[in-house]
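Accompanying notes for the structure given below.
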Amino acid sequence: MTPRLMLLLPDLVLGLLPFAVLAADLFANPRHDHRPGGRTAVAGFVLVAILQVLAPHGLTETYVHNYVIEPWGLLFKQLFVLCGLLASVLSFTYFRHGRGHRRLSRGGEYFALLAFCTGGMSAIVSANDLVMLFVSLELATIPLYVMTAFYRGEEGSSEAAIKYIIMGSVATALILFGYSLIYGACGVLHFAAVAATPPSPLLTAGLLFVMAAVSFKLAAAPFHMWAPDVYEGAPAPVTAFVSVASKAAAFGFLLRLMRGPFANSIETLTPVFVGLAILSMLVGNLGALRQKNFRRFMAYSSIAQVGYLLLALLAPPAYATGSILTYLFIYTAGNMAAFYVFTIAAQDKDESMDVVHGLHARSPVLAAVLMLAMFSLAGVPPLGGFIGKIYLFAGAAEVGRYGLVLFASLNSVASLFYYMTVIRAAYITPVEDLTPLRSPSRALVIIAIVLGAALVILGILAPFHHAIFRLSA
Amino acid sequence: MSSGAWLITLTWLIPTATILLTAVLPRGRDGLVRWINLGSTGINLLLVAGLAWTYAANPPAPAAPGLPPLAFSARIPWFNSLNIDYHVGVDGISLAMMLLAGIIAFCGVLVSWNIDKRVKEFFIFMQVLLAGTFGCFISLDLFTFFLFNEVTLIPTYLLIGVFGSGRKEYAAMKLNLMLIGGSALILTGLLGMYFADGRHTFNLLEFAQQAPPASAQHWIFPLLFLGFGVLGAIFPFHTWSPDGHSSAPTAISMFLAGVHMKLGGYGCLRVAMYLLPDGAQEWMTVFLVLSTINIVHGAFVAVKHTDLKYINAYASVSHCGLVLFGFASLTWLGLRGGVLQMFSHGLLTALFFAIIGMIYSRTHTRQVGEMSGLMKPMPFIGVSFTIAALAGLGLPGLSGFVAELNVFLGGFANAAVVNRTCTVLAILSIVIAAVYLLRAINAVLNGPVREDFAGLKDATIQERVVIVLLAGTSMAMGIYPAWIARLVDGSVQAILERVVHP
């Protein structure tokens, strides 16, 4: 098996995975529930992850002229598959067949959509022309609309999905309009040729439209309006997946453009990045201060995190890729750990902050994981979030933007306040009912513990970061 | 890593091991938890005392001109992408601070012997605070220094917010947000130094030999000095200190006011002034005025308060102003005085907070007006209270006098009019200190014994050990200061040469 094929194999398997899930759901499903589909999805994601680890990491290969796998792209794909794996394990336990409003009809389709979404995200970072980029972006987004609506009959879920699809369609329209302007400026769609075109106002205008659409995907302010409602209405595993994977996909999209066709025009976008970053940090931090619902809280927290990530785009592309990837991995661990703990603690209830009251006595391990996750998101050493944020701020400092670094650090300070409210709820707020917490599934607790440990390890040991930076060059 | 470097790394590895050991103990073994933590801080204290002794007996020479006389140093690459190393080493000033931290940590565990709720968590958070503090003092890489500083901030919040008294949650949140805000300033300054002339290093020694360009120093210095100054309670960012220290449990008040605030002074000296001498020369007048306001304002506000802890907290603000005041004078005696004041005031404020804690646990009040005649039932505590208060006044024979003498002489040695005026003002603040301290002594100790106070018990054996250790060290420094001077002189000399003759 040649290295060229080994590099493509994970994507091939990932592309076939949705169909395998559907097949298992149709033909190997005696009890007509979501379990065979779910098991196939989890097994498939694990298989793809193994193949990705075994793939040759330093190689850049182009397939059929339109699909290119680069070393940093492979890292993004690993991140997407990790998100998909974590989300599918969470979904598997979350939707218990026929219990209350968590009933999941057509469960197999759910996992197939998750796999389609992950496949689409993988294709985003491999696109080599504008059409491929657009198609993969749609493949990565449309399943999310459907998954958001999966609580059939529950109004909040359908409402969130309608908001998501309407605003998402506007974003799609903006992208297509931007692409048409770019095509008008360049006359070609293939990246290599677009890169050769000299910058022009038409090209810049097209880029601005594309940036607006990407900002929607990222939930960067002022395009963030959909995020709190969608995060609140969607099923919890979908929210967890959207909060990490769609951000990573959007950054993959941006980096693909920045490192490929638009490497020359990127200076024109610097004020845009700065403006988006400042607004996102402000909106996210101010918005999260008053939230009582965990989902909306995480939505605003994600908006602020996107603000910090956007700072890294000001640095040279190689460093920007490395720092963004490092922070995305750490952010995934932190966010997913928080969602896992809240889901286990909430059981059948809604996830307001009350569900973690007294968690330190009801389940000390889960409370510790939640504390680690919140501190990592706030950027407290010796956890991963701290060194991750330092990498991002150093990116802005490298190009002399010290005012931005100060602004971002102060925002990080302010964010500590609201992350602490979660920890206060778990550790300090007194509560009468101290019955021990039993998780519906042992696997969820084990994964939560592993994620918590990962946050500590990523903050102390450096080899993981070095590998990412080395491959991002 | 050389064996010496392992020894100084042990100062924060021992607390880390204690944390793990305490965490795995089952609930209900509180007695074992206390003894383990006492043993750990005791071992740490012996280790640091031994290191300081070895260093003072044979002070090493600086490796190159401009460098401090370092010992036990080692350097391991850590986060290569930003050239961050685990670079450690100690000189006289670091060892003096570590000795202070070791003493106060040991005393803090003894003072906390009677805590009975959530004992495990209390000692775990305290050990995290200790690990971070020791890590700060041994770091020679600016980023590692910053990282250890940040590590200390969260346990501070948890310790005050969970185990404190009074308006504890408000005080904890205010303290935490202001200190982390200060560290946001520090981070910006550090990144500025990293990228300033494309040097891409966080190595303190490299900056010591060649400072960043003056244009960069012009904006980096105020950021760093102000950021560290927030930690050292510089005016007007000192407001976290009175509420924070007064709401904290006794041991944590001792450690925060005694050692943690000194991290600010240490950072100002070692990072801001040492590495950015041009910036120091340029901006020092501003910080001189601010620290003078600290001294005078802190003293005046302390006069107004009637809660013993608040009196001591504002007295700490005032005396920590003396530290920065000494540094701001940019003279040999001033710098040495600032370092000596860091050591002396650490001991004295810890002693005072410990005694206040002892009094509070017996009388259940901290209000000066509600106590009287405590000298009769509790002579040991009463005498110690007097010693602590008079030492704060600068009574000769105790460490306060030695430090303040150096600071004032150094302040006056700088011939600028501003410096001399501020020195006079600072000296006059001793009068104000006399007001609040003597008034406190009189109100608390003298006068008729209250009915319900007549049967109060005097100090227990743990408390006597604490008082003797702290007061004894202070007296040792006050009566024969040569041992501490010999420890820090070489290092202060190295810093003075960089700052005054850049």
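The values are calculated or read from the model by the stated rules, or taken from the named source; none is laboratory data. Nothing here was measured: the structure is a model prediction, and the numbers come from that model. No Cβ is skipped: glycine too gets one built from the backbone with ideal geometry, and neighbour counts run over all protein chains shown. Keep in mind that these areas ignore ligands, DNA and RNA; they rest on the heavy atoms of the full protein, side chains included. Shrake-Rupley method; radii C 1.70, N 1.55, O 1.52, S 1.80 Å.
Among (1) of a type in the set (Lys, Arg); (2) open to solvent by less than 10 Å² (accessible area, probe 1.4 Å); (3) without any contact (Cβ under 8 Å) to a residue 24 or more places away in the chain, there is one condition A:ARG290 misses while meeting the rest; what is its number?
So the condition that A:ARG290 fails would be (2).
Being over 24 Å from B:GLY265 (Cβ atoms) and of a type in the set (Lys, Arg) is the filter here, so list the residues in the stretch B:167-210 that pass it.
B:ARG167, B:LYS168, B:ARG199 - these are the residues of the stretch B:167-210 that are over 24 Å from B:GLY265 (Cβ atoms) and of a type in the set (Lys, Arg).
Need the failing condition index for A:THR270 against (1) at pLDDT 90 or above; (2) surrounded by fewer than 24 Cβ atoms within 10 Å (Cβ to Cβ), just the number.
A:THR270 satisfies all of (1) at pLDDT 90 or above; (2) surrounded by fewer than 24 Cβ atoms within 10 Å (Cβ to Cβ) except (1).
When you scan the stretch A:363-473 for helices (runs of 4 or more DSSP H) that lie fully inside it, which ones turn up with 1 or more residues that are open to solvent by 10 Å² or more (accessible area, probe 1.4 Å), touching a helix residue (DSSP H, G or I) at 6+ places or on another chain (Cβ under 7 Å) and more than 9 Å from chain B (Cβ to nearest Cβ)?
Of the helices (runs of 4 or more DSSP H) lying wholly inside the stretch A:363-473, those with at least 1 residues that are open to solvent by 10 Å² or more (accessible area, probe 1.4 Å), touching a helix residue (DSSP H, G or I) at 6+ places or on another chain (Cβ under 7 Å) and more than 9 Å from chain B (Cβ to nearest Cβ) span A:364-378, A:402-427, A:442-460, A:463-471.
Can you list residue pairs whose Cβ atoms sit under 8 Å apart, with the first residue in the stretch B:126-153 being more than 12 Å from every other protein chain (Cβ to nearest Cβ) and the second being open to solvent by 10 Å² or more (accessible area, probe 1.4 Å) and among the acidic types (Asp, Glu)? Count only pairs 6 or more apart in sequence or on different chains.
B:ASP141/B:ASP85
Answer yes if at least one residue in the stretch A:242-253 is more than 13 Å from A:TYR145 (Cα to Cα) and surrounded by fewer than 22 Cβ atoms within 10 Å (Cβ to Cβ), and no otherwise.
No, the stretch A:242-253 has no match at all.
Is there any pair with a first residue in the stretch A:110-124 that is in a helix (DSSP H, G or I) and a second that is of a type in the set (Lys, Arg) whose Cβ atoms are under 7 Å apart and which are 6 or more apart or on different chains, and what are they?
A:SER122/A:LYS77; A:ILE124/A:ARG256
Conditions (1) among the β-branched types (Val, Ile, Thr); (2) in contact with a Gly (Cβ under 8 Å, 6 or more places away or on another chain), marked per residue:
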site	(1), (2)
A:VAL230	yes, no
A:THR239	yes, no
A:PHE253	no, no
A:THR270	yes, no
A:GLY275	no, no
A:LEU279	no, yes
A:PHE294	no, no
A:PHE297	no, no
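Please indicate, with yes or no, whether at least one residue in the stretch B:369-391 is open to solvent by less than 10 Å² (accessible area, probe 1.4 Å) and either touching a strand residue (DSSP E or B) at 6+ places or on another chain (Cβ under 8 Å) or under 29 Å from B:SER94 (Cβ atoms) (or both).
yes
Show me the helices (runs of 4 or more DSSP H) entirely contained within the stretch B:259-365 in which 2 or more residues are open to solvent by less than 10 Å² (accessible area, probe 1.4 Å) and among the aromatic types (Phe, Trp, Tyr).
Once the helices (runs of 4 or more DSSP H) in the stretch B:259-365 are filtered for at least 2 residues that are open to solvent by less than 10 Å² (accessible area, probe 1.4 Å) and among the aromatic types (Phe, Trp, Tyr), what remains is B:308-328, B:332-363.
If we keep just the residues of the stretch A:10-22 that are hydrophobic (A, V, I, L, M, F, W, C) and crowded, with 17+ Cβ neighbours inside 10 Å, which is farthest from A:GLU70 (Cα to Cα)?
A:LEU22
What pairs come out if I take residues in the stretch B:434-452 that are more than 14 Å from B:THR365 (Cα to Cα) and pair them with residues that are of a type in the set (Asp, Glu) and surrounded by 14 or more Cβ atoms within 10 Å (Cβ to Cβ) whose C-beta lies under 7 Å away, six or more apart or interchain?
none
Among the residues that make up the stretch B:161-175, is at least one of them among the aliphatic types (A, V, I, L, M), away from chain A (no Cβ under 13 Å) and open to solvent by less than 40 Å² (accessible area, probe 1.4 Å)?
Yes, the stretch B:161-175 contains a residue that is among the aliphatic types (A, V, I, L, M), away from chain A (no Cβ under 13 Å) and open to solvent by less than 40 Å² (accessible area, probe 1.4 Å).
Please identify the pairs in which a residue from the stretch B:475-502 that is within 12 Å of B:ALA403 (Cα to Cα) has its Cβ atom under 7 Å from the Cβ atom of a residue that is small (Gly, Ala, Ser) and not in a loop (DSSP other than H, G, I, E, B), counting only partners at least 6 apart or on another chain.
Listed pairs, sorted by first residue: B:MET477/B:SER344; B:MET477/B:SER399; B:GLY478/B:SER399; B:ILE484/B:ALA96.
Here are some residues: B:GLY447, B:GLY392. Which one is outside any helix (DSSP H, G or I), modelled with pLDDT under 90 and of a type outside the set (Lys, Arg)?
Step by step, each of B:GLY447, B:GLY392 is checked, and only B:GLY447 is outside any helix (DSSP H, G or I), modelled with pLDDT under 90 and of a type outside the set (Lys, Arg).
In the stretch B:425-444, which residues are farther than 11 Å from B:VAL296 by Cβ, surrounded by fewer than 15 Cβ atoms within 10 Å (Cβ to Cβ) and of a type outside the set (S, T, N, Q)?
Of everything in the stretch B:425-444, those that are farther than 11 Å from B:VAL296 by Cβ, surrounded by fewer than 15 Cβ atoms within 10 Å (Cβ to Cβ) and of a type outside the set (S, T, N, Q) turn out to be B:VAL435, B:LEU438.
Name the residues in the stretch A:63-91 that are under 13 Å from the mean Cα position of the chain (by Cα) and either buried (at least 24 other Cβ atoms within 10 Å of the Cβ) or touching a residue at least 60 places away in the same chain (Cβ under 8 Å) (or both), would you?
Passing the criteria: A:PHE76, A:LYS77, A:LEU79, A:PHE80, A:VAL81, A:LEU82, A:CYS83, A:GLY84, A:LEU86, A:ALA87.
If B:GLU463 satisfies all but one of (1) within 16 Å of B:GLY321 (Cα to Cα); (2) surrounded by 14 or more Cβ atoms within 10 Å (Cβ to Cβ), what's the number of the condition it fails?
With (1) within 16 Å of B:GLY321 (Cα to Cα); (2) surrounded by 14 or more Cβ atoms within 10 Å (Cβ to Cβ) applied to B:GLU463, the lone miss is (1).
Within the stretch B:407-422, count every residue that is touching a Ser or Thr at 6+ places or on another chain (Cβ under 9 Å) and either farther than 18 Å from B:HIS345 by Cβ or without any contact (Cβ under 8 Å) to a residue 40 or more places away in the chain (or both).
8
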